[in-house]
1. For the range 114-130, what does the Karplus curve 6.51 cos²θ - 1.76 cosθ + 1.60, with θ = phi - 60°, yield as ³J(HN,Hα) per residue in whole Hz, taken in order and with x for Gly and Pro?
2. Roughly how many whole Å is it from the C-alpha centroid of the range 49-96 to that of the range 130-197?
3. What net charge is computed for the residues neighbouring Leu123, neighbours being all others with C-beta under 14 Å from the C-beta of Leu123, Lys and Arg scored +1, Asp and Glu -1?
4. Set the Förster radius R0 to 35 Å, insert the Cβ-Cβ distance between Lys10 and Glu108 as r into 1/(1 + (r/R0)^6), and round the FRET efficiency to 0.05.
5. Which order do Ser50, Ser97 fall in if you start with the one that has the fewest other Cβ atoms within 10 Å?
6. Could you order the peptides 8-21, 109-122 from most to least packed, using the average number of other C-beta atoms within 10 Å per residue?
7. Please list the non-local residues whose amide H lies under 5 Å from the amide H of Leu52, H modeled 1.01 Å from N, same-chain partners needing a gap of 5 or more.
8. Could you state the per residue volume, in Å³, of the convex hull enclosing the Cα atoms of the chain?
Amino acid sequence: MAERYVDYDKSFQRTVTGLGGNRPSLLLHACCGPCSCYPLTELVPHFRVSILYDNPNIFPADEFKRREKELEKLLVDLKRDKGWDIPLFVGSYDHDSHMEGLREYPDEKEGGRRCQLCYEKRLRAGFRFAKEHGFAYFTTTLTLSRFKPSQVINRIAGEIAKEYPEVTYLFSDFKKRGGIDKGKLIQREYGLYQQLYCGCEYSYEDGVKRAEKLGLDDLYHPI
Ligand code: SF4
């Protein structure tokens, strides 16, 4: 049965309007620096934002570090330019245990069952962290990517949220209102690179093919 469409961006806008300028704490799960640019502009005016970079899906370990460093650099630059003081927390890198279960779906297209399990694991880790550290709200940058189904991500997060009543899940759809293009402008302004693959070894193989098509020597290019 087809998933019932929900306008999660409307829901986002209703929630932030209802805050009335109180700026509660929010933990943002961020998959990388480039994907954080636009969501931060939507969140910082309404919340006291901290970021959790918890992405053991990323392969290889050097790439996990590389994306972490790029995110760190972005936050330093945003503090300098906009005065945004955004704490960054980094999760542990246990790739093998993250991939348990996911390896059953090597041939799924991005956004399919392997990815749904991957979202679920990372979102659950985010809720757990938010609860343990007393955050009022939790959300993720994942809905920004054109390859990631926002309906599915929000549905999964909404289900997990029932296990964590102390934390309010902020539904969002950062693709909406031109989020991808607005994000690219900020990425360009801050000189961020764009990686050509999502994270795991299966997507890495897709990235290699994409790079070949684009005539690139590696899996990164400046925006
Ligand atoms: S393609 Fe991305 S979301 Fe899907 S399983 Fe791999 S790392 Fe996770």
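Nothing in this text is a laboratory measurement; each read-out follows from the coordinates by a stated rule. Since the model is a prediction, treat every value here as computed from it, not as a measurement. In this analysis, Cβ positions are derived from the backbone assuming ideal geometry, glycine residues included, and neighbour counts consider all displayed protein chains.
1. Couplings: 4, 5, 4, 5, 5, 4, 4, 5, 6, 5, 5, 4, x, 4, 4, 5, 4 Hz.
2. Using only Cα atoms to place each centre, the spacing works out to 14 Å.
3. Once positives and negatives cancel, what remains is +4.
4. 0.70
5. Ser97, Ser50
6. So the peptides 8-21, 109-122, ranked by packing, come out 109-122, 8-21.
7. Placed amide hydrogens put Leu28, His29, Ala30, Phe89 under 5 Å from Leu52.
8. Spelled out: Cα convex hull of the chain, divided by residues, is 129 Å³.
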